[in-house]
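Working notes, beginning with the structure itself.
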Amino acid sequence: MNLAALGWSPFFAAQIAPEDAHLQPVRISNVHRARMSAQSPAETLRLMLPHHISTADYAVGDWVLIEPETTLLVRRLERNSLLQRRTEGGRVPQLIAANVDTLFIATSCNEDLNPARLERYLAMANEAGTHPVIVLTKADKVEDPAFWRDQVTGLQRGLEVVTLDATSESARAVLAPWCGAGQTVALVGSSGVGKSSLLNTLTGKTGEEAQLTGGIREADAKGRHTTTSRSLHAITGGGTVIDTPGIRTLHVSDLSVGLDVLFTEITELAPDCRFRDCTHAHEPGCAVQAAVKAGTLDPARLERWRKLSEENISNTPVMTGPRGNRKVKAPSGRR
């Protein structure tokens, strides 16, 4: 393995100054409350952290510079993408993964599939500038995977959707277009959808090295958490994959473009509305409502856009106060 195989690119190399020549670039592979590990081309390193460092400011996938002799962390390089979410009661967003090229949003061909929840993941990926792909697992358990594919294909314009058996070697071939050398993918989704099985298939981990997997309750297709922390792994044949724990609740917040990309058909119509601040609810001359009446816009999509937009406003902190003394006002509420 070399730096390029780990995801190193000219974007990061351009950030190395002459005075950094003695430092070693490594990639964060694990983040815990009081410690971090990083991957070099040769080995996994336990990093020495300065006293002023908070591990909450770092994400798996970050590139950092360290002193080779002591593994002391010196500084983090600028990210080209960052997946994050705001948690219940959290003052700052929780960092999920950094420098991710493709986000595999995993869901199952069963009752776990929830289009409204998938839209939240898509908005998060759009905001981060990461390419989303819906991965429908457990396709081998159903007679017609196309039934489940049809439920998600139209969630976003140009959305790519694949179906697979996460435990089969064929899953590697299905996901190969996004897992080339130097590419980084991340796995997100609810517990029980097969993320751990898919990780083991992509990385070739078996036996004691393999990620633990768990079953689901037949009554509601809900799974148990088997992954408890985020971690970075090498994909067999090239690329890296970041595994994440199952997310029970994904709040929409801090989005500026994520919803616009998700609901492109509404975003494109909005400039044709008579009023610039049109809510697309009751105003005269609303191009969006006209599209609904004409049958060219699904009213359910408009309703989900409205719900997520209102939630984003409610959950996103705003700056208040006079210029020069502005403060962050906490979100007004959670939904």
With a cut-off of at most 12 other beta carbons within 10 Å, and DSSP calling the residue loop, which GluC sites (Glu not before Pro) in the stretch 1-71 qualify? Please list them.
-> 43, 69
For the chain, Cys with no neighbouring Cys Cβ under 4.7 Å | 109, 179, 286
Which whole-number value in Å³ per residue fits the convex hull of the alpha carbons of the stretch 82-243?
-> 120
Would you mind putting 281-291, 106-116 in packing order, based on average other-beta-carbon counts within 10 Å, highest first?
-> 106-116, 281-291
Note on the stretch 10-76: C-alpha Rg/Rh, Kirkwood Rh, two decimals, gives 0.93
Just how far, in whole angstrom, is the stretch 252-272 from the stretch 1-42 if you go by their alpha carbon centroids?
-> 35
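No value in this document is a laboratory result; all are computed from the given coordinates. Remember, predicted model here, so these are calculated numbers, not experimental data. Counting neighbours? That spans all protein chains shown, and the Cβs are built from the backbone with ideal geometry, glycine included.
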